[in-house]
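> Sharing a structure here in structure tokens format.
Computed from the coordinates by the stated procedures, all read-outs in this text should not be read as laboratory data. All values reported here derive from a predicted model rather than from experimental measurement. With ideal geometry, Cβ positions are generated from the backbone for all residues, glycine too; neighbour counts draw on all protein chains shown.
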Amino acid sequence: MSFNGYGFYLSSTAALLYCSYFTHNVVAWMKIKPFFTGDHPSFSPRYCKAVQWVFLTTLAMTIPALIFEIFNNFRFFNNYSTLYQKVRPYEALMRDPWWLFSCLTLFHVIRKSYSLNFFKLIWRSPRFGIMLLAIFLAIIFTITDILSSIISGLSGTDG
Amino acid sequence: MAPTTFSIRQGPIVFPHYRRDRPTFGDWRDVHNTESYIVEGWGEGFMFGALLMMIIITVVNMRRGILLHKVILLEVSGKFAGDDCCLPLLTA
């Protein structure tokens, strides 16, 4: 290690990163909440209720998993255990589905309420194109990240 | 400039063997591969710039009294601090 406590530094900043993943999903919920609750929901009441329940419950269930990952990260970068390497490929499952769902919901609701087709909407408001492009880039990066932690020899270090 | 012991082109030729004799515990400084240093340097540079731009875009779009904007700023700041890109500031 380059200096004493480098592993500790890496892991404590990574802990902030995990908290930020969770905050990102909370932000995603805050953005799409008006479409599912309130006076004029955009979907049928039954669907709204189901989405609200499933979204919030599963999001709450990621908290223990993220705490476990923070702990695991400390153990890994301070040379105690290599369990982190085994859990690492599944990390995307506990941070990505929620914000993907909310981005696609946002896109769907706007497309429906302005009754425009896919390309027309992007043509009228290019920022939706940028949003979709960013989603695809994020998915590609996530896949690359998972591959680099599964295939040994693809990255210089393990984990 | 200090002479480097390891050739810059060593990567693909030896790559299944130059490590794996012991676990590196994620420490890219431990594998003594010049390419790891370069990739890490570029990666942290991109990360620093991207997150800085994201913070700037968030701040210029903020309005008074909206909780969502504050939470987004909190999240982006958390990512900024969390991505090890402030490391050069510490080790300089």
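> Against the longest principal axis of chain A, how steep is helix A:6-36, in degrees 0 to 90 to the nearest 10, with axes from Cα atoms?
Helix A:6-36 and the main axis of chain A meet at about 10 degrees.
> In degrees, nearest 10, range 0 to 90: what is the angle between the Cα axis of helix A:97-113 and the longest Cα principal axis of chain A?
20 degrees
> List every residue whose amide H lies under 5 Å from the amide H of A:S81, counting only residues 5 or more places away in sequence or on a different chain, with H placed 1.01 Å from N in the peptide plane.
A:F76
> Considering the dipole of chain A built from charges on the beta carbon (Lys and Arg +1, Asp and Glu -1) around the Cα centre, which of A:L10, A:P89, A:L104 is farthest to its positive end?
Ranked along the dipole, the leading option is A:L104.
> On average, how much area does the Cα convex hull of region A:13-143 cover when viewed from any direction, in nm²? Working shown, then result.
Numbers: hull surface 36.9 nm².
For the Cα atoms of region A:13-143, the hull's average projected area reads 9.2 nm².
> Residue by residue through region A:124-132, which ³J(HN,Hα) values in whole Hz follow from phi under the Karplus form 6.51 cos²θ - 1.76 cosθ + 1.60 (θ = phi - 60°), with glycine and proline marked x?
5, 9, x, 5, 5, x, 5, 4, 5
> If we count other beta carbons within 10 Å of each Cβ, what is the order of A:T57, A:T37, fewest first?
Neighbour counts put them in this order, fewest first: A:T57, A:T37.
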